[in-house]
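Below is one structure, written out as structure tokens; comments come after it.
The values are calculated or read from the model by the stated rules, or taken from the named source; none is laboratory data. Note that this is a predicted model, so its numbers are computed, not measured. Cβ atoms come from the backbone with ideal geometry, glycine included; neighbour counts cover every protein chain shown. Protein only, heavy atoms only, side chains kept; ligands, DNA and RNA dropped before computing areas. Shrake-Rupley method; radii C 1.70, N 1.55, O 1.52, S 1.80 Å.
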Amino acid sequence: MAAPLVLVVLAAVTVRAALYRSSLAVFIAERVELASPLNAWKRVVEGLALLDLGVSPYSGAIFHETPLIIYLFHFLIEYAELVFMITDVLTAVALYLAIQDFNKVVFKKQKLLIELDKYAPDVAELIQTPMEMHYIPLKVALFYLLNPYTVMSCVAKSTCAINNSVIAFFILATIKGSAFLSAVFLALATYQSLYPLTLFAPALLYLLQRQFIPIKLKSKSFWLYTMQYASLYLCSLVVIICLSFFLLNSWDFIPSVYGFILSVPDLTPNIGLFWYFFAEMFEHFSLFFVCVFQINVFFYTIPLAIKLKEHPVFFMFVQLAIISIFKSYPTVGDVALYMAFLPVWSHLYRFLRNIFILSCVLIFCSFLFPVLWHLWIYAGSANSNFYYAITLTFNIGQILLVSDYFYAFLRREYYLTHGLHLTRQDGTEAMLVLK
């Protein structure tokens, strides 16, 4: 499997290098779908210029990245293109290794459940075979590296690529069973963009399963391990924040980064749901609705944790999708990360209801983003309603896609234990309806 992965990496690097040297690079870097006020390369360059002049990069309203990012590029600004290409490659390799280990765990779990007669006798066709699972890690790496969203984000030099890399290493550490590294990378991911805080729950559930600790609120071992993991996470986060303070000798970055993410003061158009809504809203209502919008990312964590406590990796996938849809400043780079996991759930395709229609919706929206932007900003023959309409369609498509996978996952799990051929008490064929 190493040779095909190397070929994928070489192809991905070649495509990126060619685009960096093309005339499209400037156009791509300007796209609002690829760079938000949080992670745009122009803002990083502005922050570096202020830092070189001895001025705090957070003194104005331009720079909103974290101190560790600006100090990283302070030393590597000449090699920025190489840094972003290496970051994408590292993300793909981390995902490859993570899914490789996850498939081994799935196979062992399937084998154990078959031996214990936990599956219905007529579900052999639903069982994943080693042959089916063999190429899934490679497909995941391929889906990430050659996804146009990832390629364009890399060429635009959006720091979203670095966030994705940190999350990928967090997933790898979690699946490997390393509580310490998992907590450290989760703290780094939270430090970068705040929303990965919601990944604490699926990571904890997975690590509890690895340690064979029962997920019961009355269990002392459950609470002891939870406190240990939470302590590692919080200590790591405190260390990283204190390191940022020592680098800048100031706490200015906290309101400039986290206050900016939560209060959404910059209403530059993007692929998210916030900008248009708050541009049209009266000022005295904005605080209430900011809270309502922000709670969306965190609201679903507890219900999903209850429903998917036996399936923490699928829970992680759903949570990543929720973050990319409902965060305040999303880009297509965020979408690319959770889409890389779609090959992992290839065994659900037979249960998906609208995959073709939703795929077409997402593809057409991707092509229409620059068209409607041009009509609005340059041609003047459209207005913000047109661009927001396609943004809304794109996000609805994502929500329906994740819902479809969620429905398919639950349906397959039900069939595994109850059998494919369901019958009513009177012997007639029954239809499965999930509510």
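Scanning segment 390-431 for residues that are of a type outside the set (D, E, K, R), open to solvent by less than 20 Å² (accessible area, probe 1.4 Å), at pLDDT 90 or above and closer than 20 Å to Ser346 by Cα gives Gly397, Gln398, Leu401, Val402, Tyr405, Ala408, Phe409. When restricted to residues that are within 12 Å of Tyr338 (Cα to Cα) and open to solvent by 10 Å² or more (accessible area, probe 1.4 Å), segment 160-174 contains 1.
None of Ala124, Ala120 is over 17 Å from Leu172 (Cβ atoms) and either touching a Pro at 6+ places or on another chain (Cβ under 6 Å) or open to solvent by 30 Å² or more (accessible area, probe 1.4 Å) (or both) except Ala124.
Taking segment 254-282, which residues are within 19 Å of Cys365 (Cβ to Cβ) and under 21 Å from the mean Cα position of the chain (by Cα)? Selection gives Pro269, Asn270, Ile271, Gly272, Leu273, Phe274, Trp275. Within segment 69-93, residues that are open to solvent by 30 Å² or more (accessible area, probe 1.4 Å) reach partners that are of a type in the set (D, E, K, R) and in a helix (DSSP H, G or I) with beta carbons closer than 9 Å, at six or more positions or on different chains, in the pairs His74/Asp52; Glu81/Arg16. Residue-level check: of (1) out of contact with any Gly (no Cβ under 8 Å at 6 or more places or on another chain); (2) on the phi < 0 side of the Ramachandran plot; (3) touching a residue at least 24 places away in the same chain (Cβ under 8 Å), Lys111 misses just (3). The sole residue among Lys327, Lys309 that is open to solvent by 30 Å² or more (accessible area, probe 1.4 Å) and in contact with a Leu (Cβ under 9 Å, 6 or more places away or on another chain) is Lys309.
Looking across segment 207-229, the residues that are assigned to a helix (DSSP H, G or I), among the aliphatic types (A, V, I, L, M) and free of Cβ contacts under 8 Å to residues at least 12 places away in the same chain come down to Leu224, Met227.
Listed here are the helices (runs of 4 or more DSSP H) enclosed by segment 1-75 that have at least 3 residues being under 30 Å from Leu267 (Cα atoms) and not hydrophobic (A, V, I, L, M, F, W, C): 41-52. Could you tell me whether Ser286 is under 30 Å from Gly47 (Cα atoms) and open to solvent by 20 Å² or more (accessible area, probe 1.4 Å)? Yes. Scanning segment 118-152 for residues that are assigned to a helix (DSSP H, G or I) and among the acidic types (Asp, Glu) yields a count of 2. Of all residues in segment 193-222, those being within 15 Å of the chain's Cα centre (by Cα) and open to solvent by less than 20 Å² (accessible area, probe 1.4 Å) number 7. Candidates in segment 25-66 are the residues that are closer than 13 Å to Cys154 by Cβ and among the aliphatic types (A, V, I, L, M); of these, the one that is most open to solvent (accessible area, probe 1.4 Å) is Ala29. Of all residues in segment 238-297, exactly one satisfies the criterion of being assigned to a loop (DSSP other than H, G, I, E, B), more than 28 Å from Leu34 (Cβ to Cβ) and in contact (Cβ under 8 Å) with a residue 60 or more places away in the chain, namely Ser250. Among the residues of segment 242-260, those that are touching a helix residue (DSSP H, G or I) at 6+ places or on another chain (Cβ under 7 Å) and surrounded by 18 or more Cβ atoms within 10 Å (Cβ to Cβ) comprise Ser244, Phe253. Within segment 189-206, residues that are over 18 Å from Gly177 (Cα atoms) reach partners that are of a type in the set (Ser, Thr, Tyr) and at pLDDT 95 or above with beta carbons closer than 7 Å, at six or more positions or on different chains, in the pairs Pro196/Thr190; Leu197/Thr190.
Are any residues in segment 153-181 part of a loop (DSSP other than H, G, I, E, B) and hydroxyl-bearing (Ser, Thr, Tyr), and if so, which ones? Result: Ser158, Thr159, Ser178.
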